[in-house]
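The values are calculated or read from the model by the stated rules, or taken from the named source; none is laboratory data. Please read all numbers here as calculations on a predicted model, not as lab measurements. Glycine also receives a Cβ, built like all others from the backbone with ideal geometry; neighbour counts cover every protein chain displayed. The accessibility values were calculated without ligands, DNA or RNA, using every heavy atom of the protein model including side chains. Shrake-Rupley method; radii C 1.70, N 1.55, O 1.52, S 1.80 Å.
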Amino acid sequence: MSREEFVENAARKKVTGKLLVIFVVMMVLLTFFSNTINNFTLPRVTLESPARGALIKEISGKGTVEAKSVYEEYIDSNFKVLEVHVKAGDSVKKGQPILSLDIEDLKASIQDETAKYRQMQIALLKLKDKSSLQSYDNNIASAVENLEKQKKNYQDTKILYDAGIETAYKLKDAETAMNSAQRSYASAVQAKEDFKKDSLRDIENAELNLEIQSRRMQSLNEKAANNGVYTSPEEGVITALNFSQGAMANGTKPLFKLADASE
């Protein structure tokens, strides 16, 4: 082998050795970094020992709180608003005055209806007094007495007629009188029945009218029970006031709306 070939061969081996070293180093580096990158992709877990204590979780945010139950106060008549004691948005307690209405005309109506009720009571008592059947019973008793008398007269006259003592004319008069007494008795009985029907109907109508009047008075008294002052039925917040002071309140919309604080 020549000197040039020996040098060339030695240089080739040196290069090959360097390449082998570089390859080995690269393999080592790739192996190390691949494990490190893989570790970064794995989930991180923190291990803590259990201990006693409260679990607290805080959540923050913004929103609007709405009441589940809203109370609305209506009236079925027209009344002037004397005073409004609160404003929309105010918090009120149960029984706290909200507004006052002028019910002086209502009080006058109650007095008039009370007087009318008393008059109807008096009329009913008089009607019951007049419905006494004593006079009709007396008429029936007289009719019975007369009928028995005429029957006996007819029987006596017939006996005399059969004996040839009385005439047919007398017998005919006795029979006519007996039949008239029979009709008078029937008329007295019918008059009593008709009066009973009419009286019972009149009394029943009077009692029904008295009952209607009583309910009318009860309704008026219920309207005036609070003396015109409307209060909060529950603790809550006034969400609406539909009539201002001096306005004429009516039943087209509620006097106020109350959001129940308990719900």
Assess whether Ser142 counts as being surrounded by 11 or more Cβ atoms within 10 Å (Cβ to Cβ) and either closer than 30 Å to Ser244 by Cβ or touching a strand residue (DSSP E or B) at 6+ places or on another chain (Cβ under 8 Å) (or both).
no
Can you tell me which residues in the range 173-186 are in contact (Cβ under 8 Å) with a residue 40 or more places away in the chain and open to solvent by 70 Å² or more (accessible area, probe 1.4 Å)?
Tyr185
Which members of the range 62-82 meet the condition of being polar (S, T, N, Q) and either modelled with pLDDT under 85 or over 18 Å from Gly251 (Cβ atoms) (or both)?
Thr64, Ser69, Ser77
Going by the conditions given, is Lys80 closer than 21 Å to Ala247 by Cβ and open to solvent by 90 Å² or more (accessible area, probe 1.4 Å)?
yes
Where a residue in the range 239-252 is more than 20 Å from Tyr71 (Cβ to Cβ) and its partner, wherever it lies, is at pLDDT below 90 and not in a strand (DSSP E or B), with Cβ under 8 Å and at least six apart:
Met248/Asn78
Taking the condition modelled with pLDDT under 90 and open to solvent by less than 60 Å² (accessible area, probe 1.4 Å), does Leu147 pass?
no
Of all residues in the range 115-144, count the ones that are part of a helix (DSSP H, G or I) and either farther than 30 Å from Asn209 by Cβ or modelled with pLDDT under 90 (or both).
19
Name the strands (runs of 3 or more DSSP E) wholly within the range 210-263 that hold at least 1 residues that are touching a Cys at 6+ places or on another chain (Cβ under 7 Å) and either open to solvent by 50 Å² or more (accessible area, probe 1.4 Å) or at pLDDT below 90 (or both)?
none
